[in-house]
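Encoded as structure tokens, the structure appears first; notes follow it.
The values are calculated or read from the model by the stated rules, or taken from the named source; none is laboratory data. Since we're looking at a predicted model, the values are computed, not measured. FYI the Cβ positions are ideal-geometry reconstructions off the backbone, even for glycines, and counts take in every protein chain you see.
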Amino acid sequence: MATPSQWLAGARPRTLPAAVSPVLAGTGVAAYDDAAVWWKALLALVVSLALQVAVNYANDYSDGIRGTDAERVGPLRLVGSGVATPAAVKRAAFLAFGVAGIAGLVLAATTAWWLVAVGLVSVLAAWFYTGGSKPYGYLGLGEVMVFVFFGLVAVLGTTYVQTEAWSGAALAAAVGIGALACAILVANNLRDIPTDRVAGKMTLAVRLGDRGTRTWYAALVLVAVVALVVLAALTTWWALLGLVFALPAVPALRTVLGGATGPGLIPVLQGTGLAELAWALGAAAGLLIAA
């Protein structure tokens, strides 16, 4: 039976930065527009965190029952390692989806009911990433899901529930966060190319190959820089405080371009997660200063 620490490991240590970052960025834009609603920002954080946990457990369950995690290098997988039953991990995933749904319903009821549809699509996308008979994560579409739902939807949604308006600044922030969220997945899939290829999991990394995937990672980091400059141009140059993200991003980029493989890429996951959080923290702080 899995211990509490093993369940937390199954949720993955980079879950918190990945959940907090889009909410910070979206709320920073709302604060710059003098429209921040802090209790809604908190509820958006609950939704983001619960969805991140749910995705991790759902992937753990689906990959585990397929045998994809039989030979794995990286963080603990509950089903693949045998420390928790598939049924228990599936229940944990749906419990997290439920928490996200309740918080999302409150936001929808106090903002706009069409947000319920957005939430439902987000849950379905999270489940069928590795779940179902034809998971799209096995077809090389994982980065699309991450960019759309943990970048665009998460950041734009956080801003919208507070301001009830769309803005170019929120879109720029969403692109920056989405790019770094994708970079985390790219690093993860780069590490898993050998085992994913054997398991028939045709991620984008498997399709691009080792060299192409490393170039793709670097391109995503560059997109994050460009998005930050666009955000600053649309709001205030104080937003460039987000460039602090280079402190963890540059070492991670060097590791990727340096040819690290297997366990050598695990620090890249941590560094990219910290880079995403630093991007959001720095940009949000700059927007608050200007506001």
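Brief remarks on what is shown
- Residue satisfying condition, being assigned by TED's automatic domain parsing to the domain that holds T261 and under 14 Å from the mean Cα position of the chain (by Cα), within set G151, G178: G178
- Options T203, T235: the member that is of a type in the set (V, I, T) and under 18 Å from the mean Cα position of the chain (by Cα): T203
- In the condition set (1) without any contact (Cβ under 8 Å) to a residue 60 or more places away in the chain; (2) of a type outside the set (S, T, N, Q); (3) crowded, with 21+ Cβ neighbours inside 10 Å, V89 is compliant with all but (1).
- For region 204-232, residues that are farther than 13 Å from V186 by Cβ and in contact with a helix residue (DSSP H, G or I) (Cβ under 6 Å, 6 or more places away or on another chain) total 5.
- For region 111-144, the set of residues classified as farther than 22 Å from V175 by Cα and touching a Lys or Arg at 6+ places or on another chain (Cβ under 7 Å) consists of Y138 only.
- Sub-6 Å Cβ pairs linking a first residue in region 214-235 that is over 23 Å from D192 (Cβ atoms) to a second residue that is surrounded by fewer than 21 Cβ atoms within 10 Å (Cβ to Cβ) and not hydrophobic (A, V, I, L, M, F, W, C), at least 6 apart or interchain, are L234/G168, ordered by first then second residue.
- Unique residue being touching a residue at least 40 places away in the same chain (Cβ under 8 Å) and assigned to a helix (DSSP H, G or I) when the list is A154, A84, A117, A125: A154
- Complete set of residues in region 102-124 that are surrounded by fewer than 19 Cβ atoms within 10 Å (Cβ to Cβ) and of a type in the set (G, A, S): A108, A109, A112, A117
- Residues located in region 127-145, provided they are among the hydrophobic types (A, V, I, L, M, F, W, C) and within 12 Å of S62 (Cα to Cα): W127, F128
Residue-by-condition table, conditions (1) surrounded by fewer than 18 Cβ atoms within 10 Å (Cβ to Cβ); (2) more than 30 Å from I65 (Cα to Cα); (3) not charged (D, E, K, R):
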residue: P135; (1), (2), (3): no, no, yes
residue: E143; (1), (2), (3): no, no, no
residue: G151; (1), (2), (3): no, no, yes
residue: A154; (1), (2), (3): no, no, yes
residue: W166; (1), (2), (3): yes, yes, yes
residue: A169; (1), (2), (3): no, yes, yes
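- Filter pass, A169 being part of a helix (DSSP H, G or I), under 17 Å from the mean Cα position of the chain (by Cα) and at pLDDT 95 or above: no
- Of everything listed in (1) in contact with a Phe, Trp or Tyr (Cβ under 9 Å, 6 or more places away or on another chain); (2) of a type outside the set (S, T, Y); (3) not in a helix (DSSP H, G or I), the single unmet condition for G259 is (1).
- Test: residue in region 198-216 that is among the aromatic types (F, W, Y), in a helix (DSSP H, G or I) and surrounded by fewer than 22 Cβ atoms within 10 Å (Cβ to Cβ): yes
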